[in-house]
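Engineer: I am attaching a structure below and will ask some questions about it afterwards.
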Amino acid sequence: MTVKKRYDSEYTEWLRGLKSKIKSTQIKAALSANKEVIFLYWEIGKELYEKQENEGWGNSVVDSLEKDLIAEFPDLKGFSRRNLFYMKGFYSFYKSDFEKVQQLVAQIPWGHNILIYSKSNAVDEALFYLSETIENSWSRSILDMQIGTDLYSRQGKAITNFTNTLPRPESDLANQSLKDPYLFDFLTIKKNADERSIEDQLTKHITQFLLELGTGFAFIGRQYKLEVGNKDFYVDLLFYHTKLRCYVVVELKAKSFKPEYAGKLSFYLSAVDDKLKTDSDNPTIGIVLCQEKNKIEAEYALRGISQPIGVAEYQLSKAIPDEIKSDLPTIEEIEKELASIMANSQ
C-alpha cells in the first residue's frame, strides 16, 4: 500500500498511536531520559521498517511523519526526516539481536548509537564498541576516532605468552589490554616547527599516546633507572596498569623484532618485580613495540620465557605521503617528548 494522502485512514490511525507513545515517553523521560528515548526510537524505527519493507509504503510516509510529529511536538527535537531514517536503520541493524544489545544501547546517547550501528559491519562489532563506550565513558569524538582506527580488529591481537604465564582471568584481561598494531600516526611534528607549536603538540601527543595505549595505563616515566648488580639499567617506558594492578614495561624498537629483545625485556621485568613490585601488585608485564614482526619468530621467542611478555607492531606514518615521512620524529624523539613532559610536570 502506498501513502498518497497524509490523512489516509490507516496512516492517521498509525500516527495517533505514535503520538500516544511519544506523550507517554515524555512523562517517563523525566525519570530516565536516555533509556526511554532510545526505546521510543527503536519502536518508531520498527514500525517504519514494517510499513516500508513489509507493507510497501514509500518514502513519502517519512516526509508526512516528519511534518505531523513536528507539528504535534514543536518543542521536541529528533523527528527530522534524517533522524527518522536513522531510527529505521537502528531497528534494521539490531532487529534479530536486540535482546543482546537492549541494555547497552539504553546506556549511551542516541548520537553514539548512530555512530556505532552505522559504522559497524556486524552486531558483534557493535557490541564491542557499545561495551567499550560504556566502560570508558567515551565522548562521541573519541568513539568516532576509535571506530575510525578499527580498534575492534586491533584489540587483543598482540602476540603474547600470557596464557602460560598468568592465571585466569588475569591473562584474559591482559591479552585484551594489548593491541596490534598500535597507531602513532598523530606524531607529525616537523623539525622546523616553532617552540610554541612543539609545546602545544607535546601536550596533545601524550594525551593521544595514553589514549592509544588504552584504559588503565598510568605513565610513570621514560628511561626509568634500575640498579642491578651495581650497574644502572634504563627501561624505555614504564607504566602502571590500574586494572591489571601491575607495572608495565614498554620497550620501543625502531627495527623489526629480534628474539633477543624478549630476553632483554625479561631481564627488565625481573628487576622491576624485585625493585618496585609490592605484595599487592601482580607480576610485571612487558611489551615490545617494534616496526615489524614475524609471527612465528615472535611466538618462538616467547615460548621459553616465564615472565608475561607481548609483542606488537606500531605505525608512525599511516596514510602520510612519503615526502613528509622524513620530517616525522624517530623513536628517540618520541622518548625526548615524553621526558620533556615529565620534567615540566614536576
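Engineer: Assigned by TED's automatic domain parsing to the domain that holds Phe128, in a helix (DSSP H, G or I), modelled with pLDDT under 90 and at negative phi, is that true of Ile22? Walk me through how you get there before you give the answer.
Structural biologist: Numbers: assigned by TED's automatic domain parsing to the domain that holds Phe128: yes; in a helix (DSSP H, G or I): yes; modelled with pLDDT under 90: yes; at negative phi: yes.
Against the criterion (assigned by TED's automatic domain parsing to the domain that holds Phe128, in a helix (DSSP H, G or I), modelled with pLDDT under 90 and at negative phi), Ile22 qualifies.
Engineer: Right, something else. Keeping to region 251-263, report how many residues are closer than 16 Å to Tyr314 by Cα and surrounded by fewer than 21 Cβ atoms within 10 Å (Cβ to Cβ).
Structural biologist: Narrowing region 251-263 to residues closer than 16 Å to Tyr314 by Cα: 251-258, 261.
Filter again for surrounded by fewer than 21 Cβ atoms within 10 Å (Cβ to Cβ), leaving 251-256, 258.
The total comes to 7.
Engineer: Further question: Out of the residues in region 89-111 that are among the hydroxyl-bearing types (Ser, Thr, Tyr) and more than 22 Å from the chain's Cα centre (by Cα), state the one that is surrounded by the most Cβ atoms within 10 Å (Cβ to Cβ).
Structural biologist: So the first thing to find is which residues in region 89-111 are among the hydroxyl-bearing types (Ser, Thr, Tyr), and the list is 91-92, 94, 96.
Retained after the next criterion (residues that are more than 22 Å from the chain's Cα centre (by Cα)): 91-92, 96.
Working: Tyr91: 21, Ser92: 15, Ser96: 9.
It comes out as Tyr91.
Engineer: If we keep just the residues of region 1-18 that are surrounded by 14 or more Cβ atoms within 10 Å (Cβ to Cβ) and charged (D, E, K, R), which is modelled with the lowest pLDDT? Walk me through it before giving the result.
Structural biologist: Taking region 1-18 first, the residues surrounded by 14 or more Cβ atoms within 10 Å (Cβ to Cβ) are 3, 6, 8, 11, 14-15, 18.
Checking which are charged (D, E, K, R) leaves us with 6, 8.
On the way: Arg6: 44, Asp8: 67.
Taking the candidates together, the pick is Arg6.
Engineer: Taking only region 127-165 into account, find how many residues are in contact (Cβ under 8 Å) with a residue 40 or more places away in the chain, buried (at least 18 other Cβ atoms within 10 Å of the Cβ) and under 27 Å from Ser80 (Cβ atoms).
Structural biologist: Going through region 127-165 one residue at a time, the tally reaches 0.
Engineer: Follow-up. Out of all the residues in region 205-215, is one or more over 20 Å from the mean Cα position of the chain (by Cα) and modelled with pLDDT under 90?
Structural biologist: Within region 205-215 (the criterion being over 20 Å from the mean Cα position of the chain (by Cα) and modelled with pLDDT under 90), the answer is no, since none of the residues qualifies.
Engineer: Could you give me the residue pairs with C-beta distances under 7 Å whose first residue belongs to region 300-313 and is at positive phi and not assigned by TED's automatic domain parsing to the domain that holds Ser171, whose second residue is surrounded by 12 or more Cβ atoms within 10 Å (Cβ to Cβ) and not in a helix (DSSP H, G or I) wherever it lies, and which are 6+ apart or on separate chains?
Structural biologist: Note: no pairs meet the criteria.
Engineer: Let me ask another. Name the one entry in Asp172, Asp194, Asp124 that is at pLDDT 95 or above, loosely packed, with under 15 Cβ neighbours inside 10 Å and of a type in the set (Asp, Glu).
Structural biologist: Values: Asp172 fails: at pLDDT 95 or above; Asp194 fails: at pLDDT 95 or above.
Going through Asp172, Asp194, Asp124 in turn, just one is at pLDDT 95 or above, loosely packed, with under 15 Cβ neighbours inside 10 Å and of a type in the set (Asp, Glu): Asp124.
Engineer: Does any residue of region 264-273 turn out to be closer than 21 Å to Val311 by Cα, surrounded by 14 or more Cβ atoms within 10 Å (Cβ to Cβ), touching a helix residue (DSSP H, G or I) at 6+ places or on another chain (Cβ under 7 Å) and of a type outside the set (D, E, K, R)?
Structural biologist: No, region 264-273 has no match at all.
Engineer: Here's a follow-up. State all residues of region 221-246 that are closer than 22 Å to Asn136 by Cβ and either modelled with pLDDT under 90 or of a type in the set (Ser, Thr, Tyr) (or both); if no residue qualifies, say none.
Structural biologist: Of the residues in region 221-246, the ones closer than 22 Å to Asn136 by Cβ are 237, 239-246.
Once the filter is applied, which keeps residues that are closer than 22 Å to Asn136 by Cβ and either modelled with pLDDT under 90 or of a type in the set (Ser, Thr, Tyr) (or both), region 221-246 yields Leu237, Tyr240, Thr242.
Engineer: Just checking, how many residues over region 274-293 are polar (S, T, N, Q) and surrounded by fewer than 16 Cβ atoms within 10 Å (Cβ to Cβ)?
Structural biologist: Step one: of region 274-293, the residues polar (S, T, N, Q) are 278, 280, 282, 284, 291.
Narrowing further to those that are surrounded by fewer than 16 Cβ atoms within 10 Å (Cβ to Cβ): 278, 280.
Adding up the residues that qualify gives 2.
Engineer: Follow-up. Report those helices (runs of 4 or more DSSP H) wholly inside region 120-184 carrying at least 2 residues which are farther than 30 Å from Ser270 by Cα. Don't jump to the end; show me each part of the working.
Structural biologist: Numbers: elements: 123-136, 140-148, 151-154, 162-165, 170-177.
Qualifying helices (runs of 4 or more DSSP H): 123-136, 140-148, 151-154.
Yes or no, residue by residue, for (1) at pLDDT 95 or above; (2) within 17 Å of Gln52 (Cβ to Cβ); (3) outside the structural domain of Val62 (by TED's automatic domain parsing):
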position: Asp75; (1), (2), (3): no, no, no
position: Arg81; (1), (2), (3): no, yes, no
position: Lys88; (1), (2), (3): yes, yes, no
position: Phe93; (1), (2), (3): yes, yes, no
position: Ser96; (1), (2), (3): no, no, no
position: Glu99; (1), (2), (3): no, no, no
position: Pro109; (1), (2), (3): no, no, no
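The values are calculated or read from the model by the stated rules, or taken from the named source; none is laboratory data. Note that the coordinates shown come from a computational prediction; the quantities given were computed from them, not determined experimentally. All Cβ positions, glycine included, derive from the backbone under ideal geometry; neighbour counts span all protein chains shown.
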